[in-house]
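Dropping a structure here in structure tokens format, bear with me for questions.
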Amino acid sequence: MELLSRQDPHLREVVWFAVCCRALTLLLQATLLLCFYLSLFQALFNLLLPDHPADAFSPPRLAEPGRWDVLVEQVLGGLSRWDAEHFLFIAERGYLYEHNCAFLPLFPLLLRALAEGALGPLQPLLLPRSRLLLSAALLNSLCSALAAAALYRLGCLVLGSRRVSFLAALLFSISPANVFMAAAYSESMFAALAFGAMWQLEKGQSWLSGLLFSLASGVRANGLVNAGFFLYSRGKCFALQLQGGPGAVRKLPLLWKQVLSLVFSAALMCAGICLPFALFQYYAYVRFCGAGTGLAQPVPQPLLQLALDKGYRPVATDGVKPPWCSQRFPVVYSYIQDTYWNVGFLRYFELRQIPNFLLALPVTLLCSWAAWTYLVANPRHCLTLGLERRKSEEEGKPRAGFCCPAVFVYVVHATVLLVVGFFCMHVQVLTRFLGSSSPVLYWFSAHLLQEQEPLLWSEGSAHHTTASHSKKSLLGKSPGSCGKGVSGNPVVRLLLNYGSITPLSKCILGFFLSYWLLGLVLHCNFLPWT
């Protein structure tokens, strides 16, 4: 398998580091299996920060747990907080409540398949919820490693710098959104599919890329935005073809055929990417709005009582259709975001939300800085939307690093997500929203570290990540001859020398690590986090 090829020592280190970080994340919240001093550490935090009485979705347990279920809950219970309860509930019982439909089906479907398949032999020992919790830990560990590998492969193609790509992929493994990559959330799976799709698109594998983008839109709704990558790729190829010289002018009579082909292929691919999301909206409409819709089995009474107590709308019990069923375009997703969570333009701009804006401040500043840096370095390229043929491209020597032309579409994608998230969403989710959707957060952080941190500069080479620097360092060598570049993990090296690194490096690594560790402590204790 190309993604996990053993020919590249950088890739092996990326995957190994991702596995180690995920194992460490699981161990840090598994208090019963930690050594004595870590158990005291966690007990101290539970004493200082007891479980927050959050008004979150928490369905009743209908079966009496056995001793093995209690053990699984004590070891992995921190993975089932907040929205994770929705995913586990959907995987076990389906979409019984209207607001469950805000969570797309691919992730809970795979949880259910893994719990019934690979973990099926544990059925005599564990209840379905316990097997689903185990499935979430295993599935997200695998997806995190695949996402890190795909991010590394993508960076090598886009940045043209193996050094920066390697560092960015390692930073992904200590992402500030790490707790959500490990918990029973869909972020890890979405990152693996999205980064994999971007990588395949850069390789020219349009259909495989479209398939992965389509699967991503069945995991998270913001996967629909990824259709822009395909549209831009096709549009850019067409624009550059028109600038191909005198030969292109002679082919102008065939231009209309090329335009039709471009429009048809783009429409087909975008339809494929949006199809899972559209099919799920149709499923929700049939389930909650259909005249004769009902369940094969009645909803258990404790779950009906929960709906009555909390104001949830269960599926097809009283024959009354929800308001969104009569809309011209009955999209349950947007209705739930508006009605249940008050998501909308500037709705979160309240004084009492200042702490949440402060939580989102580091990632907002970092991504804004990335966009500004790229704009200043490439003003003409940005003004022409990257559709103008550059002399460096004609000579076959494009610039390498974060400010190279190929990064443009990724910066635009990250900026769009940042603006939409900041003004229209619950702003505290920006960290995991961007951390699981865009490579720019990791590329720019790696770029800053590589540019500003002397500890990462190679002997006898300049510290700027330019094409000449990359040629002198890692790109000009075969994977097996990387020497000191791979003998040590640069992230680990920086952490071991934390006291002597630059203030900027301390800020970047401090942001990544503090959000990882604080996220574990707060999220696992049902306290509000990103």
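The values are calculated or read from the model by the stated rules, or taken from the named source; none is laboratory data. Every value quoted in this text rests on a predicted model; they were computed, and no experiment measured them. As a convention, Cβ positions derive from the backbone with ideal geometry for all residues, glycine included, and neighbour counts pool all protein chains shown. Keep in mind that these areas ignore ligands, DNA and RNA; they rest on the heavy atoms of the full protein, side chains included. Shrake-Rupley method; radii C 1.70, N 1.55, O 1.52, S 1.80 Å.
For the stretch 115-136, check the following and say yes or no: at least one residue is over 30 Å from Gln281 (Cβ atoms), buried (at least 22 other Cβ atoms within 10 Å of the Cβ), out of contact with any Asp or Glu (no Cβ under 8 Å at 6 or more places or on another chain) and at pLDDT 95 or above.
no
Which members of the stretch 111-145 meet the condition of being over 20 Å from Leu26 (Cα atoms) and within 24 Å of the chain's Cα centre (by Cα)?
Those that are over 20 Å from Leu26 (Cα atoms) and within 24 Å of the chain's Cα centre (by Cα): Arg112, Ala113.
Being within 15 Å of the chain's Cα centre (by Cα) and open to solvent by 10 Å² or more (accessible area, probe 1.4 Å) is the filter here; which residues of the stretch 146-166 pass it?
Within the stretch 146-166, just Leu146 meets the criteria.
Kindly list, by first and then second residue, each pair from a residue in the stretch 106-135 that is under 22 Å from Gln74 (Cβ atoms) and of a type in the set (A, V, I, L, M, F, W, C) to a residue that is in a helix (DSSP H, G or I) and open to solvent by 30 Å² or more (accessible area, probe 1.4 Å), limited to pairs with Cβ atoms under 7 Å and residues at least 6 apart or on different chains.
Short answer, once both residue conditions are applied: Leu114/Leu138; Ala115/Pro128; Leu119/Leu134; Leu125/Trp68; Leu126/Trp68; Leu132/Glu92.
Which residue, of Leu201, Leu159, is under 20 Å from Leu441 (Cβ atoms) and either in contact (Cβ under 8 Å) with a residue 40 or more places away in the chain or not hydrophobic (A, V, I, L, M, F, W, C) (or both)?
Criteria check complete, one pass: Leu159.
Within the stretch 381-404, does at least one residue satisfy the condition of being polar (S, T, N, Q), in a helix (DSSP H, G or I) and closer than 19 Å to Arg432 by Cβ?
No - not one qualifying residue is present in the stretch 381-404.
Would you mind telling me which numbered condition in (1) among the hydrophobic types (A, V, I, L, M, F, W, C); (2) in contact with a Leu (Cβ under 9 Å, 6 or more places away or on another chain); (3) closer than 24 Å to Ala177 by Cβ; (4) crowded, with 19+ Cβ neighbours inside 10 Å Cys404 fails?
Failed condition: (3).
Assuming Pro355 fulfils every condition listed in (1) surrounded by 11 or more Cβ atoms within 10 Å (Cβ to Cβ); (2) in a helix (DSSP H, G or I) apart from one, which condition is it?
(1)
Taking only the stretch 304-349 into account, find how many residues are assigned to a helix (DSSP H, G or I) and out of contact with any His (no Cβ under 7 Å at 6 or more places or on another chain).
Residues flagged as assigned to a helix (DSSP H, G or I) and out of contact with any His (no Cβ under 7 Å at 6 or more places or on another chain) within the stretch 304-349 amount to 18.
Which residue is surrounded by the most Cβ atoms within 10 Å (Cβ to Cβ), if the candidates are limited to the stretch 431-490 and must be at pLDDT below 50 and under 27 Å from the mean Cα position of the chain (by Cα)?
Checking each candidate, the answer is Thr465.
Return only the number of the condition from (1) open to solvent by 50 Å² or more (accessible area, probe 1.4 Å); (2) farther than 14 Å from Pro128 by Cα; (3) at pLDDT 55 or above that His52 does not satisfy.
(3)
Take the stretch 149-185 and flag every residue that is at negative phi and not hydrophobic (A, V, I, L, M, F, W, C).
Tyr152, Arg153, Gly155, Ser161, Arg162, Arg163, Ser165, Ser173, Ser175, Pro176, Asn178, Tyr185
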